[in-house]
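The values are calculated or read from the model by the stated rules, or taken from the named source; none is laboratory data. What you see is a predicted model; the values in this text were computed from it and never measured. Positions of Cβ are backbone-derived with ideal geometry, glycine not excepted, and every protein chain shown enters the neighbour counts. Each accessible area value is taken on the protein alone, full model and side chains, heavy atoms only, with ligands, DNA and RNA left out. Shrake-Rupley method; radii C 1.70, N 1.55, O 1.52, S 1.80 Å.
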Amino acid sequence: MGRTRTPYQDLKYIEGRCTTGTVIHLSHRGIIMRSPPLALSALCLFAIHGKTLGFSTRRRHVLSNVSSLRRCPQHGTSRIFSMPDDDYPSDYDANDLQSPTKTVAVDIDEDDAAIRDELKRELILLASVTNRGMCASTEERNLVVDLVTQLEALNPTADPAVNSQGDWELCYSSTQSFRSSPFFLAIRSFLGDENKSMAENAFDIHDRATTASRVGKVRQIIDEGNSELVSEYELSVGLMPGFPIRIEGTVVTSAELRVIAPETWELKVRGTRVKGSNVPFFDQYLDDNAVELPVGELYQTISGATPIAVLKTFYVDEAMRITRDVDDNFFVFTRA
């Protein structure tokens, strides 16, 4: 039997910030949708007495489609965001909904700078205690997702894809960290969506095969002209279990970069090489001769074209960048 839509279902997200730093949320999937009268009473009390209780509100969009949110007229200190075209029933399963196209948001409210700094501190702390996300629990991963989503909604930079030049070091990854390299991005693009499961299996096998490896710094360098991205991935690999000798080196992959939208890059992998190896004579030979595997040319020979990988940056400032791949995995970088 169909359910009658109520005005409460237009209410998506309300947030109040206490002067002590405590954040209070009234979520559309909790109190508002399951108990509209109670939610309305809470909302009225919040709007009427918010100033007396020492509340001030700050805008944080937690819905994936920032561009579709509409700001309602302010009443006191509360801000309400709604999606007037939402025709889904109140008891829907979020997994059944189609995700709208995500677009970049630009936040020009100077008062939000303090919120961004607080969110970044929390994110960097979680990144450090979880080894860039490798050891994160489910709860910690969920916290990071929330922090990243809020930061993306508070992005202070117009055209982030154009304004991401410089050296960046990976501090958190929602998937295997090696997938930030154009080498693996090209593999995912080459196999396509129809073979996504094959790509995921291949990445999992590679991850398990290199479990004993130690990952050092993971960096991306974007040139001033936004024409090239260079990935550097430091590795230390043991020859065999129990053997005290390890091979070290940095895998360097270069890719042609092209900006096609305010938040979007297209990448074409060029080549991969190893530098800084600790193997005697071998490292000198590699460095002196600039030996590089022409990955792009190999793709050209095999398939007639170099696969194009897509990356989207929804947040960048002077210290942090958040970039997502085609599968919506995100990589958080800080200035190196």
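Numbers below:
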| read-out | value |
| --- | --- |
| Selection within the stretch 147-164 - out of contact with any helix residue (DSSP H, G or I) (no Cβ under 8 Å at 6 or more places or on another chain), open to solvent by less than 10 Å² (accessible area, probe 1.4 Å) and among the polar types (S, T, N, Q) | ASN155, SER164 |
| Subset of the stretch 127-146 (residues that are basic (Lys, Arg) and open to solvent by 50 Å² or more (accessible area, probe 1.4 Å)) | ARG141 |
| Subset of the stretch 172-197 [small (Gly, Ala, Ser), closer than 26 Å to MET134 by Cβ and either surrounded by fewer than 17 Cβ atoms within 10 Å (Cβ to Cβ) or at pLDDT below 95 (or both)] | SER197 |
| The lone exception for GLU169 - which of (1) closer than 16 Å to GLU266 by Cβ; (2) in a strand (DSSP E or B); (3) open to solvent by 20 Å² or more (accessible area, probe 1.4 Å) it fails | (1) |
| Some residue of the stretch 199-211 being small (Gly, Ala, Ser), outside any strand (DSSP E or B) and touching a Pro at 6+ places or on another chain (Cβ under 7 Å) | no |
| Qualifying residue in the stretch 238-249 (condition: buried (at least 17 other Cβ atoms within 10 Å of the Cβ) and either of a type in the set (Val, Ile, Thr) or modelled with pLDDT of 95 or more (or both)) | no |
